[in-house]
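See structure below.
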Amino acid sequence: MGISSPEHDLVLYGATGFVGRLIAAYVAEHAPAGMRVGLAGRSRSRLEVVRSQLPVEAHGWGLIDADTEDADSIAAMAANTHVLFTTVGPYAQHGLPVVEACARAGTHYADLAGEVSFIRQAIDRSDALARTSGARIVHSCGYDSVPSDLAVLLLHQAAEADGAGSLVEVQLVATAKAGISGGTLESMREQLDAMRSNNTVRALVADPYALSPDRTREPTTQQPPDAGPVRRSDDGTWTAPFIMAPFNTRIVRRSNALQGWAYGRSLQYGEVMGVARGPAGAVIARATALGLRAFTGAMAFPPTRRVLDRFLPAPGTGPSTSMQREGWFHSRVTARTENGHRYQAIAAGPGDPGYAATAVMAGETALALALDGDRLPTAKGSLTPATALGNVLIQRLRAAGHTYQVTKLT
């Protein structure tokens, strides 16, 4: 268990990174007076610069020297806070020591991970330890995978309240105005490299139930392909494969399994990207599908990756403030229940999803873990946004200007 009186309520590890600075700024604007927040990273001088640029209320925040290459510094950081939120990635390289330290200390942990192989390792190494210590280990608390996870939770709750039966077919159609995240691309590189060199990792990433708490108990239900086919959705929008589907779908299925398959043992869950309507939409969707396939192939092949890297954002970089403000995300999630009823959930919000909107999701996650413990679900161990935070996070995000709503269609 953690020490009896940690110095901090919340520590933001990686606060000097691009997204880390955005989250720190959000927390500085929304944390209640007197909340004890610390900024952690490898360079104290860079941390001092970040702190000096925050609102005056944050100028008294503590600074913590921590480096994943120094196990003692990570252990001390974890033991001296109630909640730790880390943006230090790629998580496959830097995440496991932090997860393990928090699980051992009984410290609640959250991140922005979008790497199946990392989260699988974190579960296997730290889930039992965290359940014993009382820690909540919450992965994927940004655009991947908060909108997906919370929208399906809302659909389940609505169908359950109506006695409409379990969810059978659920599909998310994502549209957004977004830039490309350098950190996300670096995580993608890491996973592609691991898949190329390791058959076990390649098989894991391809498994639709890769993050299941008990793979042997999962149903044999055929899941939609990650690279969903180009087709026209029920509202006339043509869709193409969604680059985040191979990850988000695993988080949603883990949420289902962690709740005893409450959403439905026969749940089929898939995600696609909405493109446009009409004849032009069909052409654009097909071109998008081909482009995504070509991009992924080029990223997996070192010579072509080196060419692409000249034009893609590097880790720690991102779009301007004005570009972030111009962005938005909108996820329309439709569901059919076993009794034939249909529901629709909307998860949407302003701001570039990988930056400004993610800072809101991450910031509210951190604040919920630090301040709302008595209202959160009781589950401990390796969790998901839906199972660790559920309706508390939905309420917080609504109050922050995001949309989370569900409607019964038939």
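Among the residues of the stretch 259-315, those identified as without any contact (Cβ under 8 Å) to a residue 24 or more places away in the chain and assigned to a loop (DSSP other than H, G, I, E, B) are G260, F301, R310, F311.
For beta carbons closer than 6 Å, sequence separation of 6+ or different chains, a first residue in the stretch 68-86 that is within 25 Å of L22 (Cα to Cα) and a second that is of a type in the set (V, I, T) and part of a strand (DSSP E or B), the qualifying pairs are M77/I64; T81/V11; L84/V11. So, restricting to helices (runs of 4 or more DSSP H) that lie completely within the stretch 51-158, which ones have at least 1 residues that are buried (at least 24 other Cβ atoms within 10 Å of the Cβ) and over 15 Å from the mean Cα position of the chain (by Cα)? Once the helices (runs of 4 or more DSSP H) in the stretch 51-158 are filtered for at least 1 residues that are buried (at least 24 other Cβ atoms within 10 Å of the Cβ) and over 15 Å from the mean Cα position of the chain (by Cα), what remains is 71-79, 96-105, 116-133.
Within the stretch 262-295, restricting attention to residues that are of a type in the set (F, W, Y) and surrounded by 17 or more Cβ atoms within 10 Å (Cβ to Cβ), which residue is farthest from A158 (Cα to Cα)? Looking at residues that are of a type in the set (F, W, Y) and surrounded by 17 or more Cβ atoms within 10 Å (Cβ to Cβ), I get Y269.
Could we say that T216 is outside any loop (DSSP other than H, G, I, E, B), open to solvent by 10 Å² or more (accessible area, probe 1.4 Å) and not hydrophobic (A, V, I, L, M, F, W, C) here? So T216 passes the test.
A quick yes/no check of all residues on (1) open to solvent by less than 10 Å² (accessible area, probe 1.4 Å); (2) closer than 24 Å to V272 by Cα; (3) of a type in the set (A, V, I, L, M):
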site: T304; (1), (2), (3): no, no, no
site: L308; (1), (2), (3): no, no, yes
site: G318; (1), (2), (3): no, no, no
site: G390; (1), (2), (3): yes, yes, no
site: L393; (1), (2), (3): yes, no, yes
site: V406; (1), (2), (3): no, yes, yes
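Residues that are crowded, with 23+ Cβ neighbours inside 10 Å and in a strand (DSSP E or B): does the stretch 14-36 have at least one? For the stretch 14-36, residues crowded, with 23+ Cβ neighbours inside 10 Å and in a strand (DSSP E or B): absent.
Restricting to the stretch 353-407, what's the tally of residues that are touching a residue at least 60 places away in the same chain (Cβ under 8 Å), under 22 Å from A122 (Cβ atoms) and among the polar types (S, T, N, Q)? The total comes to 5.
State yes or no: is R253 charged (D, E, K, R) and either on the phi > 0 side of the Ramachandran plot or in contact (Cβ under 8 Å) with a residue 40 or more places away in the chain (or both)? So R253 fits the description; yes. All of (1) touching a helix residue (DSSP H, G or I) at 6+ places or on another chain (Cβ under 8 Å); (2) more than 30 Å from R131 (Cα to Cα) hold for G363 with one exception: (2).
Against the condition of a type in the set (D, E) and assigned to a loop (DSSP other than H, G, I, E, B), how does D9 come out, does it pass? Here the answer is no, as D9 does not meet what is asked. Pairs linking a residue in the stretch 49-63 that is closer than 13 Å to A33 by Cβ and basic (K, R) to a residue that is in a loop (DSSP other than H, G, I, E, B) and open to solvent by 60 Å² or more (accessible area, probe 1.4 Å), with Cβ atoms under 6 Å and 6 or more positions apart or on different chains, do not occur.
Could you go through the stretch 161-178 and let me know if any residue there is in a helix (DSSP H, G or I), free of Cβ contacts under 8 Å to residues at least 24 places away in the same chain, open to solvent by 30 Å² or more (accessible area, probe 1.4 Å) and out of contact with any Gly (no Cβ under 8 Å at 6 or more places or on another chain). So far as the stretch 161-178 goes, yes, one or more of its residues are in a helix (DSSP H, G or I), free of Cβ contacts under 8 Å to residues at least 24 places away in the same chain, open to solvent by 30 Å² or more (accessible area, probe 1.4 Å) and out of contact with any Gly (no Cβ under 8 Å at 6 or more places or on another chain).
Scanning for something aliphatic (A, V, I, L, M), at pLDDT below 95 and open to solvent by 60 Å² or more (accessible area, probe 1.4 Å), does the stretch 181-201 turn up at least one residue? The answer is no; no qualifying residue exists.
The values are calculated or read from the model by the stated rules, or taken from the named source; none is laboratory data. The shown structure was predicted, so the numbers you read here are calculated from the model rather than taken from an experiment. Methodologically, a virtual Cβ is constructed for each residue, glycine included, from the backbone with ideal geometry; neighbour enumeration extends over all protein chains shown. These area figures cover heavy atoms from the full protein model, side chains too; ligands, DNA and RNA do not enter into them. Shrake-Rupley method; radii C 1.70, N 1.55, O 1.52, S 1.80 Å.
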